[in-house]
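This report concerns only the one structure given below.
The values are calculated or read from the model by the stated rules, or taken from the named source; none is laboratory data. What you see is a predicted model; the values in this text were computed from it and never measured. Neighbour counts are summed over all protein chains in view; Cβ atoms, including those assigned to glycine, are modelled from backbone coordinates with ideal geometry.
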């Protein structure tokens, strides 16, 4: 926890430095929400080739961040996290000056049925 999924348009592939974005996103989450550590963050990226925006106008791009956290955070905390993530997205896509970038963020609670297991590295000795 948290689980972060970033869907982005293929047109942002050259602009978005995914690793740098993820590292900054993890630090931002740890700073913004009590109980989140950088070590607990997991981010996946999905590059989508086929995105249709409005009437399929050219030079449009999409990026959406789905940010799932354990329940119990206040609306204010989730809102602050969402705005901070959106600001980070905007800074990381600012170089896409030839595109209209549609950016969005959803901060949501993980379902009560969420479960996880972490298998540590084992060494033979």
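Name the single residue that is modelled with the lowest pLDDT among those in region 92-117 being surrounded by fewer than 13 Cβ atoms within 10 Å (Cβ to Cβ) and more than 27 Å from residue 17 (Cβ to Cβ).
The qualifying residue modelled with the lowest pLDDT is 112.
Report yes if some residue within region 86-94 is over 20 Å from residue 2 (Cα atoms) and touching a strand residue (DSSP E or B) at 6+ places or on another chain (Cβ under 7 Å); otherwise report no.
yes
From (1) surrounded by fewer than 17 Cβ atoms within 10 Å (Cβ to Cβ); (2) out of contact with any strand residue (DSSP E or B) (no Cβ under 8 Å at 6 or more places or on another chain); (3) modelled with pLDDT of 95 or more, pick out the condition that doesn't hold for residue 47.
Condition (2) is where residue 47 drops out.
Yes/no per residue for (1) over 19 Å from residue 94 (Cβ atoms); (2) in contact with a strand residue (DSSP E or B) (Cβ under 7 Å, 6 or more places away or on another chain); (3) surrounded by 12 or more Cβ atoms within 10 Å (Cβ to Cβ):
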{"site": "8", "(1), (2), (3)": "no, yes, yes"}
{"site": "14", "(1), (2), (3)": "no, no, no"}
{"site": "43", "(1), (2), (3)": "yes, yes, yes"}
{"site": "56", "(1), (2), (3)": "yes, no, no"}
{"site": "59", "(1), (2), (3)": "no, yes, no"}
